[in-house]
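Student: Let me begin by handing over the structure; questions about it come next.
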Amino acid sequence: MATEKLLNALNDQFNFELSSGYVYMAMAAYCSDENMNGFAHFFIEQAKEEYEHAMKFYEFINDMDGRVRAQAIEEPKNDYSSFLEAFEIALKHEKLVTSKINNILEMALEEKSYPTVQFLQWFIEEQLEEENSMKDIIFKLEGIKDNFQGLYLLDKELGQR
C-alpha cells in the first residue's frame, strides 16, 4: 500500500486540515465581533470545508491501512487590523495548504503510490479554486478600502455563500 513516510505525511495533512478549520473559525469570530455576519458566514463555511477535507484524509488513510493520529492544534491569530488583513492571511494560508498537498503528491509519485496520486487530484483542483476565491475577495476589499457601503455590500454577498 503506502509507506510509513507517506502515511505520516497524509496524517500530518489530516491534522493540518483540522487546524485550518480552526484558523477560519477564529477569522469568523473576528468578523462577528465587527458585526459583519456575511464575512463571518464565509469563514464559517470555509471552516466546514476544511473539516470535510480532513475527513477525506481520515477515510483515505484508513483505506490505505494506516492509522490516523490526532495532533495538538496551535492557537490561531484571533485579532486583525482589517477584513483585508484577514483575507490576505487566508490567502497565504491557502497557498501553504497548496504547497503541502503538492509535496505529498511528489512523495506519492516517487513511491509510485497511484491510489494516493489519484486521491490528491481532487485537492489539487480544490486548492486552485480556494486561492482564486481569496484573491477575488482581496481585489474587492482593496477597491472598497474603508468605504462602509462597499463593505456592507460585500458582507451581503459573502453571506450568500
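Student: With respect to the numbered conditions (1) within 30 Å of Ile144 (Cβ to Cβ); (2) touching an Asp or Glu at 6+ places or on another chain (Cβ under 7 Å), which one is the sole condition not fulfilled by Ser81?
Tutor: (2)
Student: What do you reckon, is Glu50 touching a helix residue (DSSP H, G or I) at 6+ places or on another chain (Cβ under 7 Å), of a type in the set (Asp, Glu) and touching a residue at least 12 places away in the same chain (Cβ under 8 Å)?
Tutor: Criteria met by Glu50.
Student: Using the structure shown, decide if Gly66 is in contact (Cβ under 8 Å) with a residue 24 or more places away in the chain and in a loop (DSSP other than H, G, I, E, B).
Tutor: yes
Student: Ok, one more. If only one of Ile44, Ile73 is in a helix (DSSP H, G or I), β-branched (Val, Ile, Thr) and either at pLDDT 95 or above or surrounded by fewer than 21 Cβ atoms within 10 Å (Cβ to Cβ) (or both), which one is it? Can you show your working first?
Tutor: Values: Ile73 fails: in a helix (DSSP H, G or I).
The unique qualifying residue is Ile44.
Student: For region 108-161, name all the residues that are under 19 Å from Ala40 (Cα atoms) and among the hydrophobic types (A, V, I, L, M, F, W, C).
Tutor: Of everything in region 108-161, those that are under 19 Å from Ala40 (Cα atoms) and among the hydrophobic types (A, V, I, L, M, F, W, C) turn out to be Met134, Ile137, Ile138, Phe139, Leu141, Ile144, Phe148, Leu151, Leu153, Leu154, Leu158.
Student: For region 83-123, which positions are in contact with a Leu (Cβ under 7 Å, 6 or more places away or on another chain), within 28 Å of Asp65 (Cα to Cα) and touching a residue at least 60 places away in the same chain (Cβ under 8 Å)? Steps first, answer last, please.
Tutor: Kept after step one, since they are in contact with a Leu (Cβ under 7 Å, 6 or more places away or on another chain), are these residues of region 83-123: 83-84, 87, 101, 104-105, 107-108, 111, 113, 116-117, 120.
From what is left, the residues that are within 28 Å of Asp65 (Cα to Cα) are 101, 104-105, 107-108, 111, 113, 116-117, 120.
Of everything in region 83-123, those that are in contact with a Leu (Cβ under 7 Å, 6 or more places away or on another chain), within 28 Å of Asp65 (Cα to Cα) and touching a residue at least 60 places away in the same chain (Cβ under 8 Å) turn out to be Ile101, Ile104, Met107, Ala108, Glu111, Ser113, Thr116.
Student: Being touching a residue at least 24 places away in the same chain (Cβ under 8 Å) and of a type in the set (D, E, K, R) is the filter here; which residues of region 23-47 pass it?
Tutor: Glu34, Glu45
Student: Right, next: Which of the residues belonging to region 105-120 are over 16 Å from the mean Cα position of the chain (by Cα), surrounded by 14 or more Cβ atoms within 10 Å (Cβ to Cβ) and either among the acidic types (Asp, Glu) or closer than 30 Å to Met27 by Cα (or both)?
Tutor: Residues satisfying the conditions are Leu105, Glu111, Phe119.
Student: When residues of region 143-159 are filtered for being over 22 Å from the mean Cα position of the chain (by Cα), among the acidic types (Asp, Glu) and at pLDDT 95 or above, how many remain?
Tutor: Total meeting the criteria: 0.
The values are calculated or read from the model by the stated rules, or taken from the named source; none is laboratory data. What you are looking at is a predicted structure, and each value in this text was computed from that prediction instead of being measured. Cβ: placed from backbone, ideal geometry, glycine included. Neighbour counts: every protein chain shown.
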